[in-house]
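J.: The structure under discussion is supplied below as structure tokens; questions concerning it will follow.
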Amino acid sequence: MNSFELRGEAIRDLDSFYDEIERVLGPDGDWFGHNLDALNDVMHGGIGQLPTEFTLIWRNADRPRALLGFEAYANYLRTELSRCHSSARESVRAELREADANRGPTLFDILLSVTGDRVVVD
């Protein structure tokens, strides 16, 4: 099975996480949108030139784990709230209340959830 390494020291926020995913999985840079839906497609939908089976090894993940915490998730949700469909606003508001109260998943947790069993945190 192929494996790829994410450099934790390069990840300081969500945008730099997407940049690191793009660096590792798609050096041409034309196929990866910087959002959770695109990340899901890359991880599970056969987008790009990836092998069917692969593993991402996330090295030095302690710093990104701290930086992609509740506050980062709350900021992400505030942005989503401003652009989501009206039918989704109440659920995004509920998630935002939880993140603001330091409850529920962090942004790091969400990223691990989207990437599924393809990521090994080192």
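The values are calculated or read from the model by the stated rules, or taken from the named source; none is laboratory data. Source: prediction; values computed, not measured. Every residue, glycine among them, receives a Cβ derived from its backbone with ideal geometry; neighbour counts consider all protein chains shown.
J.: If we scan the stretch 41-51, do we find a residue that is assigned to a helix (DSSP H, G or I), modelled with pLDDT under 95 and in contact with a strand residue (DSSP E or B) (Cβ under 8 Å, 6 or more places away or on another chain)?
T.: Taking the stretch 41-51 first, the residues assigned to a helix (DSSP H, G or I) are 41-44.
Still in the list and also modelled with pLDDT under 95: 41-44.
Cutting the leftovers down to in contact with a strand residue (DSSP E or B) (Cβ under 8 Å, 6 or more places away or on another chain) gives us none.
No, the stretch 41-51 contains no residue that is assigned to a helix (DSSP H, G or I), modelled with pLDDT under 95 and in contact with a strand residue (DSSP E or B) (Cβ under 8 Å, 6 or more places away or on another chain).
J.: So which pairs qualify, if the first residue must be in the stretch 108-121 and on the phi > 0 side of the Ramachandran plot, the second must be in a helix (DSSP H, G or I) and modelled with pLDDT under 90, the Cβ gap must be under 7 Å, and the two must be at least 6 apart or on different chains?
T.: Taking only residues 6 or more apart or on different chains, the pairs are Gly116/Met43; Gly116/His44.
J.: Say we look at the stretch 13-30 and pick out the residues that are in a loop (DSSP other than H, G, I, E, B) and surrounded by 15 or more Cβ atoms within 10 Å (Cβ to Cβ); which of these is modelled with the highest pLDDT? Full working, then the answer.
T.: Restricting attention to the stretch 13-30, the residues satisfying the condition of being in a loop (DSSP other than H, G, I, E, B) are 13, 26-30.
When the remaining residues are screened for being surrounded by 15 or more Cβ atoms within 10 Å (Cβ to Cβ), the result is 13, 26.
Values: Asp13: 97, Gly26: 72.
Checking each candidate, the answer is Asp13.
J.: Here are Pro105, Pro64: which of them is in a loop (DSSP other than H, G, I, E, B) and in contact (Cβ under 8 Å) with a residue 12 or more places away in the chain? Give the derivation first.
T.: Values: Pro64 fails: in a loop (DSSP other than H, G, I, E, B).
On inspection, the qualifying residue turns out to be Pro105.
J.: Quick one: which residue in Leu81, Leu77 is surrounded by fewer than 18 Cβ atoms within 10 Å (Cβ to Cβ), free of Cβ contacts under 8 Å to residues at least 24 places away in the same chain and farther than 25 Å from Glu9 by Cβ?
T.: Details: Leu77 fails: surrounded by fewer than 18 Cβ atoms within 10 Å (Cβ to Cβ).
Every option except Leu81 fails the conditions.
J.: Right, next: Here are some residues: Ala88, Ala66, Ala101. Which one is modelled with pLDDT of 95 or more, surrounded by fewer than 15 Cβ atoms within 10 Å (Cβ to Cβ) and under 22 Å from Leu6 (Cα atoms)? Reasoning before the result, please.
T.: Values: Ala88 fails: under 22 Å from Leu6 (Cα atoms); Ala101 fails: under 22 Å from Leu6 (Cα atoms).
Among Ala88, Ala66, Ala101, only Ala66 is modelled with pLDDT of 95 or more, surrounded by fewer than 15 Cβ atoms within 10 Å (Cβ to Cβ) and under 22 Å from Leu6 (Cα atoms).
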